[in-house]
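Step one of this worksheet: look at the structure below.
The values are calculated or read from the model by the stated rules, or taken from the named source; none is laboratory data. Because the structure is predicted, anything quoted here is derived from the model rather than measured. Every residue, glycine among them, receives a Cβ derived from its backbone with ideal geometry; neighbour counts consider all protein chains shown.
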Amino acid sequence: MTKQDIPRNSSIDRRTVLGLLSGSLATLAGCSEGLSDSSDGGGGNAGPPEEQSDYIEETSIEVVENGRQLALEVAVTDEIDPSLVSIITESGREFSSDYFSSGETRTRLSLTEGEDSYEPLPRGQHKLYLRGADVETEIPLELGTSFEFEEVIPGTEHPDFVDGSLGVVVRNVGQRTDAASQTLLDGETRSERFVPVEPGESVAVKFDFLLKDGPGICARADEAGEIAEIDHRLTVNFLWSDAVTVAQTIKYNNTDGCKKSLVGEPEVVTETSTETDT
């Protein structure tokens, strides 16, 4: 198989890199010489990249740029002298890429802002394209997992939450990491922050100030201006998985300032998740 070498100079024009990548990937699709890893055929069941390739030591999803972005951190073995790693979408588009400096074996690739767009990498069956000394390979990179609702807790029960907040606890029951990206209260955006959740991990996603007491009259009080119980819908959205929505009743007590508290048990409204789109 004839290889096209991509220069290590990081100042190379990105369009030139994309053209070379497209040619290399087309060649890769047509022959297997020199490849030690291959796709599982897009069956939708691939685990993390380190389970698919001997060249990848580990991957993780990290919050970067003061919480504004997410990145895929990729660590490779030093025996291959890595030069380039890229995320190639299932449509064949280069989403993000980075060069390894001499001696480096770890780098980060953006997941929430592409090189030609400001949109996150979509859910789907993508590829990691890796080049190194005598190595040129594609590795499955699938996004999307399954979440289950566990409980609703007041902020006083969580060590990192301020009083007056509320947490919706969800558990990642799939095999890939995802991140909570947005909370909604009755369909309206409450907050937007990234909270990565690894397989088997449970996290509390915060709704700021939802239970915060305050002086004055409760906006949610009944006609008599005293006590009202309101059913709310709390939604947690994820980057690559289906949302989890629960109904939770909150009591608004205006007999002594505005006091808020949870009433009854939450009820799951929406909890359908799939590993990947097919």
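Gly47 meets all of the listed conditions (1) surrounded by fewer than 16 Cβ atoms within 10 Å (Cβ to Cβ); (2) in a loop (DSSP other than H, G, I, E, B); (3) modelled with pLDDT under 90; (4) more than 20 Å from the chain's Cα centre (by Cα) but one, namely (4). Could you look through segment 54-74, keep only residues that are polar (S, T, N, Q) and more than 12 Å from the chain's Cα centre (by Cα), and pick out the one that is farthest from Arg108 (Cα to Cα)? The qualifying residue farthest from Arg108 (Cα to Cα) is Asn66.
For segment 100-153, the set of residues classified as at pLDDT 95 or above, over 17 Å from Val85 (Cα atoms) and among the aromatic types (Phe, Trp, Tyr) consists of Phe147, Phe149, listed by residue number. Just one of (1) touching a helix residue (DSSP H, G or I) at 6+ places or on another chain (Cβ under 7 Å); (2) closer than 30 Å to Val263 by Cβ; (3) not hydrophobic (A, V, I, L, M, F, W, C) fails for Thr105. It is (2). Just one of Arg233, Arg220 is in a loop (DSSP other than H, G, I, E, B), more than 16 Å from the chain's Cα centre (by Cα) and over 30 Å from His126 (Cβ atoms); which is it? After applying the criteria, what remains is Arg220.
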